[in-house]
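> Handing you this structure, nothing more for now.
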Amino acid sequence: MDARQASGQAIVDDLVGSGWLADFEARHPGVAVTFEGQVASSAETGGSIARGLLIGLVGIFVILSFQFRSYVEPLIVMLSIPLAFIGAIWGHVIMGYYLSMPSLIGAASLAGIVVNNAILLIHFIKTHRERGMDAAAAAGQACRDRLRAILISSTTTIAGLAPLLAETSSQADAIKPLVIAVVFGLLSATLLVLLVIPALYVLFDDWGWTRGGDHR
């Protein structure tokens, strides 16, 4: 299966959407049609990935709740995960690949990768709040303090995966969607975390949902 042309699910959807399957079943009422192979294994693996991702998200939330002693700030950190998914989807569009099972595995892996920068960003914001800064000033200073470290950590990871992303052999096609999801997801999360996470913190602080510098 050439992943750059189609996926097993796309072919099945075409059989169903074009009316071919319905016409076939009408002409052969005694024949039962089932889909196996890639489509069946994808459905099973997809369910397993969804359960694993849910468990991972709950684990991240619990750990961050103990770390920050708050229920709102972990949610702000975890909002960096959908920001990464945006990049993963657009990466497939740019590279001309369909979303496949390796893509979902890569997207699930992003959940544990992209939160690191957001955790440190929120930590620095809280540190500046404790020194007496207001929320907006603390968020801006935290972005300036962590900009270089965030860019360096993300760039080194992307550079390490770049050879796989540039690989053109047929053997690499099996894992290339996973690499695309990780690289482009990390790229979009790096850029958006520096803009969206501080803005969300300031908004939540305005609404009184965060613990300010006086830990009220």
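The numbers here are math on the coordinates, done by the rules we state, and not lab data. From a predicted model like this one, the values you see are computed outputs, not experimental measurements. Glycine gets a Cβ as well: all are built from the backbone with ideal geometry, and neighbour counts include every protein chain shown.
> Could you give the Stokes-Einstein D for region 53-206 in µm² per second, using the C-alpha Kirkwood radius, 10 °C, 1.306 mPa s?
My calculation gives 98 µm²/s for D.
> Nearest 10 degrees, 0 to 90: what angle lies between the long axis of helix 101-113 and the longest principal axis of the chain (Cα atoms)?
10 degrees
> Using a 10 Å cut-off around each Cβ, can you sort D14, D145 from fewest to most neighbouring Cβ atoms?
D14, D145
> Just the Kirkwood number for region 1-128, please: inverse of mean 1/r across all distinct Cα pairs, in Å, one decimal.
Averaging 1/r across every pair of different Cα atoms and inverting gives 17.6 Å.
> Could you work out the longest stretch of the chain that avoids the chymotrypsin sites (Phe, Trp or Tyr not before Pro) located in DSSP loops with at most 13 other Cβ atoms within 10 Å?
The longest such stretch corresponds to 72-206.
> How far apart, in nm, are the 7 Å Cα→Cβ label points at A166 and L151?
Inter-label distance under the simple model: 2.2 nm.
> Right, another one. With springs connecting C-alpha atoms under 10 Å apart, model the chain as a Gaussian network and identify which of H28, H123, H92 has the largest mean-square fluctuation.
Highest fluctuation among the options: H28.
> Mind ranking 133-143, 164-174 by how tightly packed they are, going by the mean number of other C-beta atoms within 10 angstrom, highest first? Please list the in-between numbers first.
Details: 133-143: 18.5, 164-174: 11.8.
In decreasing order of mean packing, 133-143, 164-174 become 133-143, 164-174.
> Still on this structure, please answer the following. Using a 10 angstrom cutoff on alpha carbons, build the Gaussian network for the chain and name the most mobile of E44, E25, E130.
Sorting by GNM fluctuation, first place goes to E25.
> Using each residue's phi in region 16-23, evaluate 6.51 cos²θ - 1.76 cosθ + 1.60 at θ = phi - 60° and report the 3J(HN,Hα) Karplus result to the nearest Hz, with x for Gly and Pro.
6, x, 6, x, 4, 5, 5, 5
> GNM on the chain, C-alpha springs below 10 Å: top fluctuator among G17, G59, G112?
Of G17, G59, G112, the Gaussian network model singles out G17 as fluctuating most.
> Taking the Cα centre of region 53-206 as origin and charging only Cβ (+1 Lys, Arg; -1 Asp, Glu), how large is the dipole, in debye to the nearest 20?
240 debye
> Now for a different question. Just flag the trypsin sites (Lys or Arg not before Pro) in region 118-158 sitting in loop per DSSP whose Cβ has no more than 15 other Cβ atoms within 10 Å.
R131
> Mind jotting down the distance between the C-alpha centroids of region 93-108 and region 109-177, whole Å?
20 Å
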